[in-house]
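Trainee: What follows is a structure written as structure tokens; I'll ask about it next.
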Amino acid sequence: MAKNKQFVEKVTAMEDDFGQWYTDVVKQAELVDYGPVRGTMIIKPYGFAIWENIQSEFDRQFKETGHSNVYFPLFIPKSMLQKEKDHIEGFAPEVAWVTHGGDEELEEPIVVRPTSEVLFGDYYSKNIHSYRDLPKLYNQWANVVRWEKTTRPFLRSSEFLWQEGHTCHATQDEAEGETSQMLEVYADICENYLAIPVLKGKKTEKEKFAGAEYTLTIEALMHDGRALQSGTSHYLGTGFAEAFDIQYLDKEGKQQYVHQTSWGVSTRIMGALIMVHGDNRGLVVPPRIAPTQAMIVPVAQHKEGVLDKAYDLRDQLKEIARVDIDASDKMPGWKFNEYEMKGIPVRIEMGPRDIEKDQVVLVRRDTGEKEFVAMSELEERLPALLNEIQKGLYDKAAAHRAEKTSVTTTLDEFKQKLDEKGGFIKAMWCGELQCEEKIREETSATSRCIPFEQEEVSDKCVCCGKDAKEMVVWARAY
Ligand SMILES: [Zn+2]
């Protein structure tokens, strides 16, 4: 046991230093390594396998809702990025420039895409002519570059992977419907696959996407009580269409600007996964996105028949779940720790005594609970257990969020609750930027969203005491 203990101690306790705990887990679970340029990351096989499972569910739902995948270039000419004024102002501070090709200075500097609205805008202006060309429902899986000052793997990296949806519609109604629909897709995957409860709402004017009419968002609460924006969907109105001259001839023969949307989810969501479900033993991966749902660890595998039985079991269970086996000559204790660190939902132990009794031992990663299951019942029990774990993780995260959500009516109370337990603060707001900024200055909390599900916790703004317009959820955020 001494050896096991030593291994576990490599992860800093989250209560002691949450930031260090995060870094330790990311490294120890073999999700990423740091790239040679500051702020870049190497996503390792295990990290990428989890991302791929998340990605494939998003991709499936995008296609189910009628979208096609495309690929646009990494480079944007400077002049093109400047066409939409709010947009360039929003992104300018973190844009990476290409100024040279070999030794020669370029005539026009090139931007490495921080997002691709302008490229799509330019393309659509050349490819949309009539109402018959609409809607255009495109999605791209790509990398983007944002020159961030402070970086952390997954949460804020100079280069990250994401998808960006870019759509064009004939009418505002249709485009707004799309904006809401894609937010629902995001929320569904977060809740039902990643087991992360999300708060759905609208961003304030200050927090909306640069160049959008409005931004819808899903916000998740991390274990340390800070929020993480986990996906956004923007209604762009006709702003980009006017800047890029994307017009179509309607049925009456009149020129009209298209209404656009864009929406994105990135590898940041991996950060949410780690910080919502992880514990002091490492990562905890929800079964529905786990690359390996159950790991068979043979015990006393040198004894005759144990390995054969374990391989038979793997072959039998492969049909019903993603099951793997570790038959390496490492000690079982080492393996136990390793797969706990990696957050594999279930460990299946099988030794000579189990074989004799025609049973296996199932151990849950999330609770550590052990159960003995007869071989004859395993095909039924394993999928059921995976479902229980999936649901258990969601329920635990939802309970944590509920516990860390406070309702406040004064700024003093706001500060007190935030210092006491962090989390989401529900408070009324007058709608004035001044109050939003003052709250940020005094509490370091930002407005996360104006939830769709409104509550009237008071009729006065928490900051200025004037008449309140809506309830906002605030939090310190990543
Ligand atoms: Zn106010």
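The values are calculated or read from the model by the stated rules, or taken from the named source; none is laboratory data. Just so it is clear, the structure is predicted and the values come from calculations on it, not from any experiment. Reconstructed Cβ throughout: ideal geometry from the backbone, glycine too, with neighbour counts over all protein chains shown. Please note that ligands, DNA and RNA were not included when accessible areas were found on the heavy atoms of the full protein model with its side chains. Shrake-Rupley method; radii C 1.70, N 1.55, O 1.52, S 1.80 Å.
Trainee: Within 11 Å, Cβ to Cβ, of C168, how many net charges do the neighbouring residues add up to if Lys/Arg are +1 and Asp/Glu are -1? Kindly include the intermediate steps, with their values, before the conclusion.
Mentor: Working: positive: K136; negative: D133, E174, E178.
Every neighbour counted, the sum reads -2.
Trainee: Still on this structure: Tell me, rounded to the nearest percent, the portion of alpha carbon pairs in the stretch 432-471 spaced more than 16 Å apart.
Mentor: Values: 286 of 780 pairs.
The answer is 37 percent, as a whole percent.
Trainee: If amide hydrogens are placed 1.01 Å from N in the peptide plane, which non-local residues have theirs closer than 5 Å to the one on V32?
Mentor: For V32, the qualifying residues are K44.
Trainee: Please compute the contact order of the chain in relative form: average sequence separation of alpha-carbon pairs under 8 Å and at least six residues apart, divided by the residue count, as a percent. Present the calculation step by step, with values, prior to reporting the outcome.
Mentor: Values: 962 pairs, mean separation 66.4, N = 478.
That works out to 14 percent.
Trainee: Here's a follow-up. Can you give the direction-averaged projected area of the convex hull of the alpha-carbon atoms in the stretch 177-245, in nm²?
Mentor: Values: hull surface 21.1 nm².
Computing the convex hull of the Cα atoms and averaging its projections yields 5.3 nm².
Trainee: When ranked by the protection proxy of mean other Cβ atoms within 10 Å per residue, highest first, what sequence do the peptides 247-253, 88-94, 155-161, 100-106 form?
Mentor: Put in order of decreasing packing, that is 155-161, 88-94, 247-253, 100-106.
Trainee: With a point put 7 Å past each Cα toward its Cβ, work out how far E107 is from A13 in nm, to one decimal.
Mentor: 6.5 nm
Trainee: In addition: Starting from 0.36 nm per residue, how many nanometres of slack lie between R132 and D467 once their C-alpha separation is accounted for? Please report the intermediate quantities before stating the final value.
Mentor: Working: separation 335, 0.36 × 335 = 120.60 nm, distance 4.74 nm.
Fully extending the segment from R132 to D467 adds 115.9 nm.
Trainee: Roll a 1.4 Å probe over the protein chains and send me the accessible area per residue for the stretch 237-351 in Å².
Mentor: Details: 4350 Å² over 115 residues.
Dividing the accessible area of the stretch 237-351 by its residue count gives 38 Å².
Trainee: Something else: Compute and list, largest first, the equivalent-ellipsoid semi-axes of the stretch 345-478 from the alpha carbon gyration tensor, each √(5λ) rounded to a whole angstrom.
Mentor: Ellipsoid half-lengths, sorted descending, are 50, 14, 10 Å.
Trainee: A follow-up question, please. Can you list residues whose amide H is under 5 Å from V462's amide H, if they're 5+ apart or on another chain and H is modeled 1.01 Å from N?
Mentor: Sorted by chain and number, the residues that satisfy this are M428, W429, C430.
Trainee: Let me spell out the model: positive unit charges on the Cβ of Lys and Arg, negative unit charges on the Cβ of Asp and Glu, origin at the Cα centre of the chain. What dipole size does that give, in debye rounded to 20?
Mentor: Value, rounded to 20: 780 debye.
Trainee: Here is a follow-up. Work out the length of the dipole vector of the stretch 74-202 about its Cα centre, built from +1 on the beta-carbon of each Lys and Arg and -1 on the beta-carbon of each Asp and Glu, and round it to the nearest 20 debye.
Mentor: That gives the stretch 74-202 a dipole magnitude of about 260 debye.
Trainee: Leaving out ligands, DNA and RNA, what percent of the accessible area of the chain is carbon and sulfur, probe 1.4 Å? Don't skip to the answer; put the middle values down first.
Mentor: Values: 10150 of 21690 Å².
Its accessible area is 47 percent carbon and sulfur atoms.
Trainee: Taking H as built 1.01 Å from N, whose amide H comes closer than 5 Å to the amide H of I296, not counting residues under 5 places away?
Mentor: D324, I325, D326, I348
Trainee: Now for a different question. Taking the chain as the reference, fit the longest principal axis to its C-alpha atoms, fit the long axis of helix 117-127 to the helix C-alpha atoms, and give the angle between the two in degrees, 0 to 90, nearest 10.
Mentor: Compared with the principal axis, the helix lies near 60 degrees.
Trainee: Run the Debye formula on the Cα coordinates of the chain, all scatterers equal and no solvent, and tell me log10 I(q)/I(0) at q = 0.08, 0.10 1/Å.
Mentor: Ignoring solvent entirely, the Cα scatterers give -0.57, -0.84.
Trainee: Per-residue counts of other Cβ atoms within 10 Å, averaged by peptide: what ranking do you get for 451-461, 117-127, highest first? Mind dumping the intermediate values first?
Mentor: Numbers: 451-461: 13.7, 117-127: 21.0.
The peptides rank, most packed first, as 117-127, 451-461.
Trainee: Using only the Cα atoms of the stretch 141-267, build the gyration tensor, take square roots of its eigenvalues as a ≥ b ≥ c, and label the shape rounded, prolate or oblate: rounded if a/c is under 1.5, else prolate if a/b is larger than b/c, else oblate. It would help to have the intermediate numbers written out before the result.
Mentor: Numbers: a/c = 2.41, a/b = 1.76, b/c = 1.37.
Prolate.
Trainee: Can you give the angle from 0 to 90° between the axis of helix 45-64 and the longest principal axis of the chain, with both taken from C-alpha atoms, to the nearest 10?
Mentor: 50 degrees
Trainee: Can you find, among M80, T23, Y34, the residue sitting farthest towards the positive end of the charge dipole of the stretch 22-90, where Lys and Arg contribute +1 and Asp and Glu -1 at Cβ?
Mentor: M80
Trainee: Each residue of the stretch 406-423 in order: what ³J(HN,Hα) in whole Hz does its phi give by Karplus 6.51 cos²θ - 1.76 cosθ + 1.60, θ = phi - 60°, with x for Gly and Pro?
Mentor: Once θ is set to phi - 60°, the couplings for the stretch 406-423 become 10, 9, 10, 10, 10, 5, 5, 5, 4, 4, 4, 5, 5, 6, 5, 9, x, x Hz.
Trainee: Residue by residue, what Karplus-based ³J(HN,Hα) values in Hz, rounded to whole numbers, does the stretch 276-293 have, using 6.51, -1.76 and 1.60 with θ = phi - 60° and x for Gly and Pro?
Mentor: These are the phi-based 3J(HN,Hα) values: 8, 9, x, 9, 6, 9, x, 7, 10, 9, x, x, 5, 10, 6, x, 10, 8 Hz.
Trainee: Could I ask something else about it? Please give the per residue accessible area of the stretch 157-219, computed with a probe of 1.4 Å over protein heavy atoms only, in Å².
Mentor: Per residue, the stretch 157-219 has 30 Å² of solvent-accessible surface.
Trainee: Quick one: accessible area per residue over the stretch 16-93, 1.4 Å probe, rounded to a whole number of Å²?
Mentor: Each residue of the stretch 16-93 exposes 51 Å² on average to a 1.4 Å probe.
Trainee: Could you run the Karplus curve 6.51 cos²θ - 1.76 cosθ + 1.60 with θ = phi - 60° over the stretch 266-272 and give me ³J(HN,Hα) per residue in whole Hz, x for Gly and Pro?
Mentor: Whole-Hz 3J(HN,Hα) from phi for the stretch 266-272: 10, 5, 3, 5, 5, x, 4.
Trainee: Oh, and also: Extending each Cα 7 Å along its Cβ direction at E304 and E64, get the distance between those two points in nm, one decimal.
Mentor: Calculated label separation equals 5.2 nm.
Trainee: By how many degrees, 0 to 90 and rounded to 10, does the Cα axis of helix 375-403 deviate from the longest principal axis of the chain?
Mentor: 50 degrees
Trainee: Let me ask something additional. Nearest 500 deg cm²/dmol is fine: what mean residue ellipticity at 222 nm does the chain get from its DSSP H runs of n ≥ 4 alone, each adding -39,500 (n - 2.57), divided by its residue count?
Mentor: Working: 15 runs with 176 residues, N = 478.
Taken over the chain, the calculation gives -11500 deg cm²/dmol.
Trainee: I would also like to ask the following. Relative contact order (percent) for the stretch 116-190, with alpha-carbon contacts under 8 angstrom and 6 or more residues of separation?
Mentor: Details: 64 pairs, mean separation 21.6, N = 75.
29 percent.
Trainee: Which entries of K415/K460; K203/K438; K83/K149; K417/K438; K126/K202; K44/K149 show an alpha-carbon separation above 20 angstrom in the structure shown?
Mentor: Beyond 20 Å: K83/K149; K126/K202; K44/K149.
Trainee: Quick one, can you get me the convex hull of the C-alpha atoms of the stretch 265-376 expressed as volume per residue in Å³?
Mentor: Working: hull volume 11.8 nm³, N = 112.
Normalising the Cα hull of the stretch 265-376 by residue number yields 106 Å³.
Trainee: Modelled label-to-label distance, K254 and E403, 7 Å Cα→beta-carbon offset: nm?
Mentor: With each label point 7 Å from Cα toward Cβ, the separation is 5.8 nm.
Trainee: Along its three principal axes, how long is the stretch 1-120 when you only count alpha carbons? Whole Å, largest extent first please.
Mentor: 65, 43, 29 Å, listed from the longest principal axis down.
Trainee: If you place +1 on the Cβ of every Lys and Arg and -1 on the Cβ of every Asp and Glu, how big does the dipole about the Cα centre of the stretch 1-109 come out, in debye to the nearest 20?
Mentor: Dipole size: approximately 500 debye.
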